[in-house]
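No value in this document is a laboratory result; all are computed from the given coordinates. Please read these numbers as outputs of a predicted model, since none were measured by experiment. As a convention, Cβ positions derive from the backbone with ideal geometry for all residues, glycine included, and neighbour counts pool all protein chains shown.
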Amino acid sequence: MRQKHGQNFLIDNNIANNIIKAASLSPQDEVLEIGPGKGILTKLIQPQVKRLTAVEIDAVLAQQLKHYFSFHNINNVEIVNEDFLELQSEECRVKSEDTTTSKTEAVIARDEAPEAIQSSCRISTLHSSLSTLPLKIISNLPYNVGTAIIQKILPLPNWTQCVFMLQKEVIHRLAAKQGSGDYGYISIFTQYYAECEILFDVSPKCFNPPPKVTSSVIKLTNKGAKPPDPLFFELVKRSFSMRRKTILNCLASFKNLEKSQANKILITCSLDPFLRPDKLAIADYLRLTEEIKKCIILQA
């Protein structure tokens, strides 16, 4: 039977235990679980931590989990029936009410430039401690919005570790190395904020209903990176939208740069103008960002 939100529920207890083990939980931990579903991970996390907040979009599943923990008189779990991607702080909600942007435009903006809204959007609407205390995050991420959720989480300042399960091909893009075919915008976004460790694969047989793809589990550890200049991610996105072109061609016309200016910037950064975008490291894009900013200031 097709689930309302396209869920694929984990049913393998060995895999569930391995996911929890990877999070290295302790009795002092505050944990956020996104998409608990029927609770196979939730019930393993709860006895090991100080507090667990689980965000579930499906009202029926959320109610079932609330009933389970209430029936067992468990009081360190909060089940929140919300779409995690729609959760906003009061500050963000006021801003959204002041804009005339259409819902469709807002969704596009959220998906294409999530980094631009993270500085003020926090998850404090769940439980006040989640926006301030060190936080571990565990999730069997929904396949259709997994990367969007990751892009919302990683800029948050207080998470320490994330253990995520997602499609194998997506997991490999998150951790892809410079120069590989999987290396792209989401690789740089993820690795700017986090150290990545791919842990293990998960067969479709471990789910009900079984998905058509193999899944993988990844562990992310917060680097504590400061928020970059918004131009940085804009530049990376622009470059990988033209990944078959040279970096010189990617920069030409970016922020109204002349080709000669782009070439000069690349020389200043000691970068070959004929390199493709996937040959540049995060540090290269950061240096380019700084040089482009100088040009913009001079042009103003």
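Between the amide H of ILE57 and those of GLY35, GLU82, distances stay under 5 Å, these residues lying 5 or more places away or on another chain, with hydrogens modeled in the peptide plane.
Mind running the shape call on region 163-290? Use the C-alpha gyration tensor, a ≥ b ≥ c as the square roots of the eigenvalues: rounded below 1.5 for a/c, prolate if a/b tops b/c, oblate otherwise. Note, shape of region 163-290 comes out prolate.
For the set LYS136/LYS205; LYS152/LYS226; LYS226/LYS255; LYS219/LYS293, the pairs lying more than 22 angstrom apart at their alpha carbons are LYS136/LYS205; LYS226/LYS255; LYS219/LYS293. On the beta carbon distance between LYS245 and HIS67, with R0 = 51 Å, the FRET formula returns roughly 0.35. Using a simple spin-label model with pseudo-atoms 7 Å out from Cα toward Cβ, GLN28 and LYS212 lie 4.7 nm apart. Couplings 3J(HN,Hα) for region 64-81, derived from phi with the Karplus relation 6.51 cos²θ - 1.76 cosθ + 1.60 (θ = phi - 60°), are 4, 5, 4, 5, 4, 6, 5, 4, 8, 6, 9, 10, 9, 10, 10, 9, 10, 8 Hz, where x marks Gly and Pro. Here the Karplus relation 6.51 cos²θ - 1.76 cosθ + 1.60, evaluated at θ = phi - 60°, turns the backbone of region 279-286 into coupling constants of 8, 9, 7, 4, 4, 5, 5, 5 Hz, with x for every Gly and Pro. For region 22-91, the square roots a ≥ b ≥ c of the C-alpha gyration tensor eigenvalues yield an a/c of 1.5 or more together with a/b not exceeding b/c, which makes the shape oblate. The packing ranking, built from the mean of other Cβ atoms within 10 Å per residue, places the peptides 203-212, 236-245 in the order 236-245, 203-212, highest first. Taking amide H positions as modeled 1.01 Å from N, with prolines and chain starts lacking one, no residue 5 or more places away or on another chain lies under 5 Å from LYS245. The amide H of TRP159, built 1.01 Å from its N in the peptide plane, has LEU135 as neighbours under 5 Å, considering only residues 5 or more places off or on other chains. 3J(HN,Hα) couplings calculated from phi for region 29-41 with the Karplus curve 6.51 cos²θ - 1.76 cosθ + 1.60 (θ = phi - 60°) are, in sequence order, 6, 9, 10, 10, 10, 10, x, x, x, 8, x, 4, 7 Hz; Gly and Pro show x. Packing, taken as the mean count of other beta carbons within 10 Å per residue, orders the peptides 283-295, 147-159, 220-232 from highest to lowest as 147-159, 283-295, 220-232.
Ranked highest first by the average count of other Cβ atoms within 10 Å around their residues, in what order do 164-173, 33-42 fall?
33-42, 164-173
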